[in-house]
Amino acid sequence: MQNTVGQQSMRATQHAKTATHCPYCAFQCGMLISGSHGQAAIAGNASFPVNKGALCIKGWNAAALLTHPDRLQTPLMRNADGVLVPVTWDEALAHIANSFVAIQQRYGKDAIGLFGSGSLTNEKAYLLGKFARVALGTSQIDYNGRFCMSSAAAASITAFGMDRGLPFPVEDIPHAKAILLVGSNIAETMPPLLQYFEAQRNNGGKLIVVDPRASITTRNAHLHLRLTPGSDAALANGLLHILIREGLVDQDYIHARTEGFEQVRGCVATYWPEQVERISGVPEAKLVQAAHMLGNARSAMILTARGAEQQSQGVNNTLAYINIALALGLVGRPHSGYGCLTGQGNGQGGREHGQKADQLPGYRKITDPAARQHIAAVWGIPENDIPGPGKSAYEMLDSLGQEDGVRGLLVVGSNIVVSAPRALHIQERLKALKMLVVSDFFLSETASLADVVLPSAQWAEEEGTMTNLEGRVIWRKRAFEPPPGVHTDIEILCSLACSLGKGQYFPLSEPRQIFEELRCASARGVADYSGITYEKIEANQGVFWPCPSEDHPGTKRLFQDHFPTPTGRAHFSVIRHQAPAEVPSPDYPLYLTTGRVLAQYQSGTQTQRVAQLREMAPEAQVEIHPTTAKSYGLVNSDTAKLTTPRGSALFTVKVTASIREDTVFVPFHWSGQQSVNRLTNPALDPTSRMPEFKVCAVRIERFEQSMEV
Ligand code: SF4
């Protein structure tokens with residue numbers, strides 16, 4: 001068996017100071033790492049133009065995980081007694097390959113699935129997609145970005161013909177005279193981004209925040225629209241109704257650059273402010289005030305995030321906000337536009353290069369014959385060998401172990417047990433697999449269920465490119481060797497391909513080699529990286545895609561002259577308010593909404609292992625309004641039991657007026673009995689297949705020791 005594992009780890013790459021990027025969110029702060037693997041020091045990189053030296057508490061503490069005692073340093077395999085025991089890499093890889101082959105022989109190619117991540121580098125996301133289609137011949141690949149970015153992506157493609165989270169750089173934010181920020185608490189999720197909003201405020205700009213919850217972000221806003229969960233489309237239509245009524249829309253822009261406005265005008269005509277107030281709970285006076293702030297601004301931005309997007313109406317919600325941006329003539333104008341704030345570290349690049357069920361590299365559609373031909377030529381296989389589209393993330397997870405479902409699953413960089421909706425059900429589905437393989441650097445809740453666990457390298461131990469929330473492709477450099485026994489995901493996938501007899505298609509042990517192939521694969525695609533090189537990234541502090549040739553500077557701002565649609569115009573969409581899939585009822589009388597806190601990240605696998613972060617946020621708290629808490633006899637520090645039709649979980653009570661009386665809020669970073677995703681609703685958006693993480697109905701009661709959970 002040819003085995004590429006270990007080749008890369010033989011090279012020492014320790015530098016006095018390595019300019020790289022944070023392992024966590026999509027702001028991808030520039031940071032400098034110095035010292036040794038065991039005593040790494042982190043500083044903000046003041047010369048990187050996005051974060052300008054600022055880091056949040058998670059970034060400052062990222063090095064604590066490199067030599068954490070929980071770090072996996074050898075492959076683990078479940079023995080006959082059901083215990084995970086150390087094995088060699090050759091034993092682990094041979095067992096995986098033999099099992100995958102046996103499963104596919106018995107159940108067909110699609111019986112093996114892959115689950116990727118928005119935290120993977122572009123090179124790894126590309127390789128995972130190629131591994132699925134070429135090494136395994138399966139259509140069943142999707143990733144956790146489906147839970148994060150898919151609604152905004154689908155809305156942007158519908159409206160503008162393409163999706164790049166921010167079609168302009170963050171340096172434009174300070175110059176916007178008004179910003180409508182929807183469903184985002186950037187003060188906790190992306191604190192270094194705040195400097196741009198502070199500059200905007202100092203320039204006299206106005207900030208309007210739409211959020212059911214008062215947060216640090218809303219406290220700094222000029223106006224807080226505290227909507228009922230699930231009422232975004234009604235709110236957006238109401239704002240557009242007022243803008244049209246008061247003659248604040250840009251008729252010249254609408255005429256010259258868009259289509260479909262008249263139908264939208266007819267639709268929003270019925271969204272009278274008093275009716276919208278009844279649906280959304282936002283007072284009419286505030287709706288009018290917000291419309292005036294936006295409509296009278298010389299430049300304005302509308303930015304959405306997960307609050308509006310993670311709903312079963314997520315695409316429609318986003319399109320309703322985009323309608324406002326188009327009606328005001330913002331998109332493609334200086335210091336203006338619509339954008340979505342991507343969440344995961346490589347949430348942008350991770351959705352461009354083929355780890356999505358319906359997609360090939362370069363943001364190509366897997367059903368497009370020309371795209372299939374192009375990628376087949378790059379991969380050196382017949383076009384017919386590329387499978388068609390597979391199931392979306394939740395649908396694939398729901399199929400695990402079922403008739404016609406996935407029987408063997410490889411998970412790379414994701415902790416499904418904590419991050420999927422209806423988590424108890426998904427946990428049972430994972431247990432029904434014949435073979436679960438997890439590549440991770442800690443024994444996460446998902447890895448602890450696996451048949452084989454592969455210890456993988458962390459961010460500072462491998463290089464690769466990431467694409468930040470602006471569409472800027474950056475180079476995350478390697479600072480240290482991985483610990484002995486730990487291999488990179490690239491080495492693991494290439495070795496597995498060899499074991500599966502497909503090694504000739506994967507002579508790619510180096511990220512640079514993979515990036516060169518990705519450049520060819522993406523050429524002339526929507527997300528065209530063909531003109532980007534590591535050296536060009538280094539020289540320019542990142543390169544914005546599309547960048548179709550090496551002498552092209554990259555594209556900082558999109559849509560200035562035209563939209564990449566068949567007519568060159570942007571599309572308005574007729575959107576009507578529809579209630580969430582689950583609304584409060586006598587049995588479940590409150591709304592439950594979820595989100596993040598400053599000191600933790602995603603499923604907590606990493607951040608809960610950092611003492612300083614754990615001390616700041618040691619447990620999941622349920623935020624309850626004082627009036628609501630009183631009616632349930634709850635006070636601060638009580639334990640509350642929350643129940644939905646999908647399960648129950650326990651949380652420490654935090655009584656606060658920051659949440660609406662009809663809503664409770666819980667962050668989603670915890671597992672076990674504190675896992676809020678045991679409660680969340682997997683109802684899917686019909687277009688994006690995004691689950692409805694942000695709204696469901698819940699019952700709450702004081703927890704007594706005699707109760708079952
Ligand atoms: Fe890392 Fe995001 Fe914090 Fe920057 S804002 S340090 S990228 S987690």
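Here are the numbers:
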{"read-out": "All positions within segment 445-466 that are touching a Phe, Trp or Tyr at 6+ places or on another chain (Cβ under 7 Å), within 30 Å of Thr555 (Cα to Cα) and part of a strand (DSSP E or B)", "value": "Thr465"}
{"read-out": "Pairs where the first residue, in segment 368-386, is under 14 Å from Lys130 (Cα atoms) and the second is open to solvent by 50 Å² or more (accessible area, probe 1.4 Å) and part of a loop (DSSP other than H, G, I, E, B), C-beta under 7 Å, 6+ apart", "value": "Ala376/Pro382"}
{"read-out": "Conditions (1) over 29 Å from Ser603 (Cα atoms); (2) assigned to a helix (DSSP H, G or I); (3) small (Gly, Ala, Ser): number failed by Gly332", "value": "(2)"}
{"read-out": "Ser495 in contact with a strand residue (DSSP E or B) (Cβ under 9 Å, 6 or more places away or on another chain) and under 30 Å from Ala102 (Cβ atoms)", "value": "yes"}
{"read-out": "Search result, residues across segment 469-505 that are of a type in the set (Val, Ile, Thr) and assigned to a helix (DSSP H, G or I)", "value": "Ile490, Ile492"}
{"read-out": "Counted residues, segment 317-340 - those being open to solvent by 10 Å² or more (accessible area, probe 1.4 Å) and closer than 19 Å to Ala527 by Cα", "value": "1"}
{"read-out": "Residue in segment 422-430 that is assigned to a loop (DSSP other than H, G, I, E, B) and in contact with a Ser or Thr (Cβ under 6 Å, 6 or more places away or on another chain) present", "value": "no"}
{"read-out": "Top-ranked residue in segment 521-537 [being without any contact (Cβ under 8 Å) to a residue 24 or more places away in the chain and part of a helix (DSSP H, G or I); ranked as farthest from Arg472 (Cα to Cα)]", "value": "Glu535"}
{"read-out": "Filtered residues of segment 639-689 (kept if open to solvent by less than 30 Å² (accessible area, probe 1.4 Å), farther than 30 Å from Val610 by Cβ and in contact with a helix residue (DSSP H, G or I) (Cβ under 6 Å, 6 or more places away or on another chain))", "value": "Pro682, Asp685, Ser688"}
{"read-out": "Residue, nearest to the chain's Cα centre (by Cα), within segment 345-388, restricted to residues that are among the polar types (S, T, N, Q) and open to solvent by 10 Å² or more (accessible area, probe 1.4 Å)", "value": "Thr367"}
{"read-out": "Breaking point among (1) within 16 Å of the ligand (Cβ to nearest atom); (2) in contact (Cβ under 8 Å) with a residue 24 or more places away in the chain, for Glu198", "value": "(2)"}
{"read-out": "Residue that is crowded, with 24+ Cβ neighbours inside 10 Å, closer than 30 Å to Val406 by Cα and more than 16 Å from the ligand (Cβ to nearest atom), where the choices are Arg164, Arg146", "value": "Arg146"}
{"read-out": "Number of positions in segment 45-57 that are more than 8 Å from the ligand (Cβ to nearest atom) and open to solvent by less than 40 Å² (accessible area, probe 1.4 Å)", "value": "4"}
{"read-out": "Candidates Pro566, Pro580 - the one that is assigned to a loop (DSSP other than H, G, I, E, B) and open to solvent by 40 Å² or more (accessible area, probe 1.4 Å)", "value": "Pro566"}
{"read-out": "Answer residue from segment 14-38, given it is more than 14 Å from the ligand (Cβ to nearest atom) and without any contact (Cβ under 8 Å) to a residue 60 or more places away in the chain and is most open to solvent (accessible area, probe 1.4 Å) among those", "value": "Lys17"}
{"read-out": "Test: residue in segment 329-352 that is polar (S, T, N, Q), farther than 18 Å from Phe559 by Cβ and in contact with a Phe, Trp or Tyr (Cβ under 9 Å, 6 or more places away or on another chain)", "value": "yes"}
{"read-out": "Tally, over segment 110-152, of residues that are farther than 23 Å from Ser499 by Cα and of a type in the set (Ser, Thr, Tyr)", "value": "6"}
{"read-out": "Evaluation of Trp60 against (1) within 16 Å of the ligand (Cβ to nearest atom); (2) open to solvent by 50 Å² or more (accessible area, probe 1.4 Å); (3) touching a helix residue (DSSP H, G or I) at 6+ places or on another chain (Cβ under 8 Å) (one fails), failing number", "value": "(3)"}
{"read-out": "Per-region count, segment 197-250, residues assigned to a helix (DSSP H, G or I) and surrounded by 21 or more Cβ atoms within 10 Å (Cβ to Cβ)", "value": "16"}
{"read-out": "Filter result for the condition that a residue is under 23 Å from Tyr126 (Cα atoms) and either at pLDDT 95 or above or surrounded by 23 or more Cβ atoms within 10 Å (Cβ to Cβ) (or both), over Pro589, Pro548", "value": "Pro548"}
{"read-out": "The one condition in (1) away from the ligand (no atom under 16 Å from the Cβ); (2) hydrophobic (A, V, I, L, M, F, W, C); (3) closer than 22 Å to Glu491 by Cα that Ala102 fails to fulfil", "value": "(3)"}
{"read-out": "Options Pro174, Pro192: the member that is at pLDDT 95 or above, in a helix (DSSP H, G or I) and within 16 Å of the ligand (Cβ to nearest atom)", "value": "Pro192"}
{"read-out": "Condition broken by Ala611, with the remaining ones in (1) of a type outside the set (Phe, Trp, Tyr); (2) open to solvent by less than 40 Å² (accessible area, probe 1.4 Å); (3) modelled with pLDDT under 95 satisfied", "value": "(2)"}
{"read-out": "Options Leu76, Leu127; residue that is under 27 Å from Asn540 (Cα atoms) and either within 16 Å of the ligand (Cβ to nearest atom) or surrounded by 15 or more Cβ atoms within 10 Å (Cβ to Cβ) (or both)", "value": "Leu127"}
{"read-out": "Flag if Ala41 is more than 13 Å from the ligand (Cβ to nearest atom), part of a strand (DSSP E or B) and either open to solvent by 30 Å² or more (accessible area, probe 1.4 Å) or of a type in the set (S, T, N, Q) (or both)", "value": "yes"}
{"read-out": "Among the residues listed as Gly354, Gly362, the single one being more than 16 Å from the ligand (Cβ to nearest atom), in a loop (DSSP other than H, G, I, E, B) and in contact with a Pro (Cβ under 6 Å, 6 or more places away or on another chain)", "value": "Gly354"}
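To keep it simple, each residue is scored yes or no on (1) touching a residue at least 40 places away in the same chain (Cβ under 8 Å); (2) part of a loop (DSSP other than H, G, I, E, B).
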| site | (1), (2) |
| --- | --- |
| Ser648 | yes, no |
| Thr652 | no, no |
| Val666 | yes, no |
| Gln673 | no, no |
| Pro682 | yes, no |
| Gln705 | no, yes |
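Residues checked against (1) at pLDDT 95 or above; (2) under 20 Å from Asn677 (Cα atoms); (3) of a type in the set (D, E, K, R):
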site	(1), (2), (3)
Gly362	yes, no, no
Lys365	yes, no, yes
Ala370	yes, no, no
Asn384	yes, no, no
Ser392	yes, yes, no
Gly401	yes, no, no
Pro421	yes, yes, no
His425	yes, yes, no
Leu436	yes, no, no
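The values are calculated or read from the model by the stated rules, or taken from the named source; none is laboratory data. Keep in mind the model is a prediction, meaning the values are calculated, not measured. Neighbour counts run over all protein chains shown; Cβ positions are idealised from the backbone, glycine included. Each accessible area value is taken on the protein alone, full model and side chains, heavy atoms only, with ligands, DNA and RNA left out. Shrake-Rupley method; radii C 1.70, N 1.55, O 1.52, S 1.80 Å.
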